[in-house]
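What follows is one structure encoded as structure tokens, with my remarks underneath.
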Amino acid sequence: MPSVAWWLAFLTAAGLLGIGVIVIYILLVRGQGIFGISHPYGWAFDITNFVFWVGIGHAGTLISAILFLLRQKWRTAINRSAEAMTIFAVCTAGIFPLLHTGRQWVAYWLVPYPNDRLLWVNFRSPLLWDVFAISTYLTISLLFWYTGLVPDFATMRDKAKNVLRKKFYGALSLGWIGSMRDWNHYEKAYLLFAGMSTALVLSVHTVVSYDFATSILPGWHTTIFPPYFVAGAIFSGFAMVVTLLVIMRKAFNLEHYITITHMELMNKIILLTGMLVGYAYLTEFFVAWYSENPFEQYVFMNRLTGPFSWAFYIMFFCNVAVPQVFWFRSMRRSIPVMFVVSLLVNVGMWFERFNIIVSSLHRDFLPTNWDNFVPTIYDFGWTIGAFGLFFTLFLIFVRVFPTIAMAEIKQTLPKPADTSKVGLHG
């Protein structure tokens, strides 16, 4: 039976999801006018949330795929949860551009398919590139995640005492019997998907950065965006993994599997990627100054001193200053400290995307276009609903599916002592 803590968490997440569902219903009835978006900031909370959740989805694939290829054994305790996080984060991200289109009932027009109207999508549009990038990333991540689950589903099928559970896990295990042939196919497929996922870790957020970098808008038209976005995605993704694992290891008594050493290694990566992100922030200012482009220079001065400068300072404090506590070993191994830092990093990364989008759009080339963005309760409502969707899916996952990769954990355990030899020499 689920614990009281799980039910409390699930009901809270479901309540947040309910708020999002109500907002989406009102959106479908009344249209985009319920949000604070207007000219010149046509992208605001929706695209901010989209980029934020795509970034969150990065760390799961990184932990599973790249660390698997590098044969890092410390990934085995955390990779399953991280992979699930990727799937749910990408699903959450996909909702925002879909609803942002305005006419959601014809969103399938974004997919290029033969039709008698001779209408084709605009292949030169970066928003169409998102369709391909996100759908490819979701498909490969889903296959990678499911392939790793198959041996564990078979274990749960064999251990199940309830007939329905046995049939449920039996169907999911695809007839796995643990033979040499099964293991050979499994290892080949897992290695193949790991290689494909590794390439996608770099490509998908690069494509998302092209939404901005291929425009001519000051603050967006910069070549630093692809590596900047990838580093930021890994940074925020690892922070979310730490947030989830701190809760999960306590709620399900997994301290012996998800050890403090695993958490410390992830905190080291947060420290490294945090410095990369801080370096990117400073490089942006240098490039704006060095370009001698007055529009570019104004955008960055506006970020420091304009109406949304508070967003910039929150971003800089959370993403650059806060992770510096991880220089100290005692801080890296402290559960309360890493939990607070992971939350602040995710707050900072959300404001990073807000800062890029809103502060660049609200004052463009013509002062007659200038305006200040004011979010409505509906903007906050579907942002909250996105967190509700993500945590609801994740809590269902930890309740129904194996959260620890049992088959991989077995391979890392020390072999039992050979008692026959002990008997011979003892």
Give the accessible area for residue 230 in Å² (nearest 10); use a 1.4 Å probe, count only protein heavy atoms, and leave out ligands, DNA and RNA.
20 Å²
Given contacts defined as C-alpha pairs under 8 Å and at least six residues apart, what's the relative contact order of the chain, whole-number percent?
30 percent
Alpha-carbon centroids, region 316-387 and region 7-71: separation in whole Å
14 Å
Excluding same-chain residues fewer than 8 positions from residue 167, which aspartates and glutamates have a Cα within less than 19 Å of its Cα?
152, 158
Report the Cα centroid-to-centroid distance between region 204-238 and region 293-307 in angstrom, as an integer.
19 Å
Rank-order 141-152, 243-254 by packing density, defined as the average count of other C-beta atoms within 10 Å over each peptide's residues, highest first.
141-152, 243-254
Once Lys and Arg get +1 and Asp and Glu get -1 on their Cβ, which of 153, 221, 234 lies farthest toward the positive end of the dipole of the chain?
153
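Given the rule -39500 (n - 2.57) for each run of at least 4 DSSP H residues, summed and divided by the residues of the chain, what is its mean residue ellipticity at 222 nm, to the nearest 500 deg cm²/dmol?
That calculation yields -23000 deg cm²/dmol at 222 nm.
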Within the chain, longest stretch free of exposed GluC sites (Glu not before Pro) [DSSP loop, at most 15 other beta carbons within 10 Å]
1-254
Considering only protein heavy atoms, what per residue accessible area in square angstrom results for the chain with a 1.4 angstrom probe?
49 Å²
In 5 Å bins starting at 0, how do the alpha-carbon pair distances of region 225-371 split up by percent?
2, 10, 18, 19, 15, 12, 9, 6, 4, 3, 1, 0, 0
Putting +1 on Lys and Arg Cβ atoms and -1 on Asp and Glu Cβ atoms, find which of 58, 319, 398 reaches farthest to the positive end of the dipole of the chain.
398
What are the trypsin sites (Lys or Arg not before Pro) within region 60-99 that DSSP puts in a loop, where the Cβ has at most 14 other Cβ atoms within 10 Å?
71
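Taking a quarter of the surface of the Cα convex hull of region 12-169, what do you get in nm²? Don't skip to the end; give the middle numbers.
Working: hull surface 57.4 nm².
Taking a quarter of the hull surface, the average projection is 14.3 nm².
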Report in % the part of the accessible area of region 49-159 that belongs to carbon and sulfur, leaving out ligands and nucleic acids; probe 1.4 Å.
69 percent
Could you rank 168, 354 by how accessible they are, 1.4 Å probe, largest area first?
168, 354
Using just the C-alpha positions of region 99-233 as equal point scatterers, what log10 of I(q)/I(0) does the Debye formula give at each q in 0.10 1/Å?
-0.56
Placing +1 at every Lys and Arg Cβ and -1 at every Asp and Glu Cβ, with all other atoms neutral, what dipole size does the chain have around its Cα centre, in debye to the nearest 20?
1680 debye
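The values are calculated or read from the model by the stated rules, or taken from the named source; none is laboratory data. What you see is a predicted model, and the numbers here were worked out from it, not measured in a lab. Every residue, glycine among them, receives a Cβ derived from its backbone with ideal geometry; neighbour counts consider all protein chains shown. Accessible surface areas use protein heavy atoms only, side chains included; no ligands, DNA or RNA. Shrake-Rupley method; radii C 1.70, N 1.55, O 1.52, S 1.80 Å.
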